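Accompanying notes for the structure given below.
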Amino acid sequence: MTQWSGYFGLILQGALVTIELTLMGSVLALFMAFVAGMGRLSRFFVLRALATAYIEFFRGTSIFVQLFFAYFVLPLIGLELTPLQAGVLALGLNVGAYAAEVVRGAVQSIGGEQYEACVALNLGRWQGMRHVILPQALLVMLPTFGNNAIELLKATSVVSLISLADLTFQAQVVRAQTGNTMVPFTTILIIYFILALLISWGVRSLERRMARGLDGVRV
């Protein structure tokens, strides 16, 4: 029993790394989603082209290749990253590309009357976007953002390939040392599920709060 408590301690250490990856990766993904998503809506061709190139590249290539590129190739051009930094970069850029289309679609889903009201109130393009359009669009984005965050959580398992001691890596260590496959992998299965539930609960709670305050935003 004492031996297994030590192994479970290893798995919990891996859970902390997974949580850290998920949080930091989600922040980067959210930032890139808004930059690229709004870029797709820009009036300027160069911004639209750059945003489209980013989205299509990261959606069209494998997360495995992106991770290996960040960790093994970037150092060849002088940009050396730790395994954690490489994992956050690859995960954030990959998921951010998918979330960018969520941002674009949500903004475009807002009714034309809201844009007309912004003009009637003499709000500039970005004033109207910031104070009227985006608060409404964000409520549309949230459910899919929650799905994206859960996908990012699950994708963190790929960082075990670059020897970052996340949940999956530690489960493999326990399996190698004990010869037992069922216990460590059942344990991390449950932990991943609990973390996904927490993300879903957090997103739903935020969605309810925003829905209550949205009436004061529509014009």
Relative contact order for region 135-219 using alpha-carbon pairs under 8 Å, separation at least 6, rounded to a whole percent? 44
For every other residue with a beta carbon closer than 13 angstrom to the beta carbon of N147, add +1 if it is Lys or Arg and -1 if Asp or Glu, then tell me the sum. -1
Could you give the length gained on full extension between L76 and R208, defined as 0.36 nm per residue of separation minus the Cα-Cα distance, in nm? 42.8 nm
Can you tell me the FRET efficiency between T52 and L12 if r is taken as the Cβ-Cβ distance and R0 is 30 Å, rounded to the nearest 0.05? 0.10
With all protein chains present, calculate the accessible area of S5 using a 1.4 Å probe and round the result to the nearest 10 Å². 70
Chymotrypsin sites (Phe, Trp or Tyr not before Pro) within region 1-76: DSSP coil, no more than 12 neighbouring Cβ in 10 Å: F44
Solvent-accessible ranking of T168, T186, largest area first, probe 1.4 Å: T186, T168
Say a paramagnetic label sat at a point 7 Å from the Cα of V35, along Cα to Cβ; which residues of region 72-108 have their backbone N under 17 Å from it? 85-104
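The values are calculated or read from the model by the stated rules, or taken from the named source; none is laboratory data. Treat the numbers as computed from the prediction; the structure is a model and nothing was measured. Positions of Cβ are backbone-derived with ideal geometry, glycine not excepted, and every protein chain shown enters the neighbour counts. Areas reflect the complete protein model, heavy atoms only, side chains present, ligands, DNA and RNA absent. Shrake-Rupley method; radii C 1.70, N 1.55, O 1.52, S 1.80 Å.
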